[in-house]
Amino acid sequence: MREIEQHPLQPFLPAHARILMLGSFPPSRKRWCMDFFYPNFNNDMWRIWGLVCFQDKDYFVDLTNKRFKQEKIELFLSTKGIALYDTACAVVRTKNTASDKDLEVVEETDIDGLLRQIPDCDAIVTTGQKATDILTEHFHIAQPAVGDYTPFHYSDKDMRLYRMPSSSRAYPLSILKKAEKYKILLNIINN
């Protein structure tokens, strides 16, 4: 019998968010070091944001306890107007891994419902191929190259879908090169 996993987190939606960052689905809870998005200590998402915004890959890292500083991350995201969730709210892990290729999406997230809750949002960021596939199909738009965006029109406004490199260490790009790609988002969060 295939076990269907429901998403274990609620969307993180600061009211004034201009960016909605979407991955595919969290890893198994046994891999978590905090109860928040990108919780695997081996995932580099919070190191990437540390480099991009503070020139310090350990800005959000508690090295002593091998955890991320969740309160500091949430404050940063709220201040900068970055919302987080995933493109799937129910999945089956076909091989008991967190890899996108081993996730069978049973139920996609209501993307339109998320966007209604953050009306200032004008940029969506995907952090993996499965998330990008789901979003480009949902909006009927072309896939952007990694580190670039595709403009589109949605709900009477111009928006952009940004495709960032995966923050997984399995993605074959150094953390410094990943951070360089994510810097494209600074224009949004600093304006």
Go through the range 21-50 and report how many residues are open to solvent by 30 Å² or more (accessible area, probe 1.4 Å) and not in a loop (DSSP other than H, G, I, E, B). 5
All conditions in (1) more than 24 Å from V105 (Cβ to Cβ); (2) touching a Gly at 6+ places or on another chain (Cβ under 6 Å) are true of S24 except (1)
Can you pull out every residue in the range 65-81 that is assigned to a strand (DSSP E or B) and either closer than 20 Å to E3 by Cβ or open to solvent by less than 40 Å² (accessible area, probe 1.4 Å) (or both)? F68
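Restricted to the range 82-139, and to residues that are among the charged types (D, E, K, R), part of a helix (DSSP H, G or I) and farther than 18 Å from H7 by Cα, which residue is most open to solvent (accessible area, probe 1.4 Å)?
Applying the first criterion (among the charged types (D, E, K, R)) to the range 82-139 yields 86, 93, 95, 100-102, 104, 107-108, 110, 112, 116, 120, 122, 130, 133, 137.
Now drop any that are not part of a helix (DSSP H, G or I), which leaves 100-102, 112, 116, 130, 133, 137.
Restricting the remaining residues to those that are farther than 18 Å from H7 by Cα gives 116, 133, 137.
Numbers: R116: 165, D133: 67, E137: 131 Å².
Among them, the one singled out is R116.
Residues checked against (1) open to solvent by less than 60 Å² (accessible area, probe 1.4 Å); (2) under 20 Å from D112 (Cβ atoms); (3) part of a loop (DSSP other than H, G, I, E, B); (4) of a type in the set (K, R):
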{"position": "I141", "(1), (2), (3), (4)": "yes, yes, yes, no"}
{"position": "V146", "(1), (2), (3), (4)": "yes, no, yes, no"}
{"position": "Y149", "(1), (2), (3), (4)": "no, yes, no, no"}
{"position": "F152", "(1), (2), (3), (4)": "yes, yes, no, no"}
{"position": "R160", "(1), (2), (3), (4)": "no, yes, no, yes"}
{"position": "P165", "(1), (2), (3), (4)": "yes, no, yes, no"}
{"position": "S168", "(1), (2), (3), (4)": "yes, no, yes, no"}
{"position": "P172", "(1), (2), (3), (4)": "no, no, yes, no"}
{"position": "Y182", "(1), (2), (3), (4)": "yes, no, no, no"}
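The values are calculated or read from the model by the stated rules, or taken from the named source; none is laboratory data. These numbers come from a predicted model, not from an experiment. Positions of Cβ are backbone-derived with ideal geometry, glycine not excepted, and every protein chain shown enters the neighbour counts. For the accessible areas, the whole protein counts, side chains as well, though only heavy atoms, and no ligand, DNA or RNA atoms are used. Shrake-Rupley method; radii C 1.70, N 1.55, O 1.52, S 1.80 Å.
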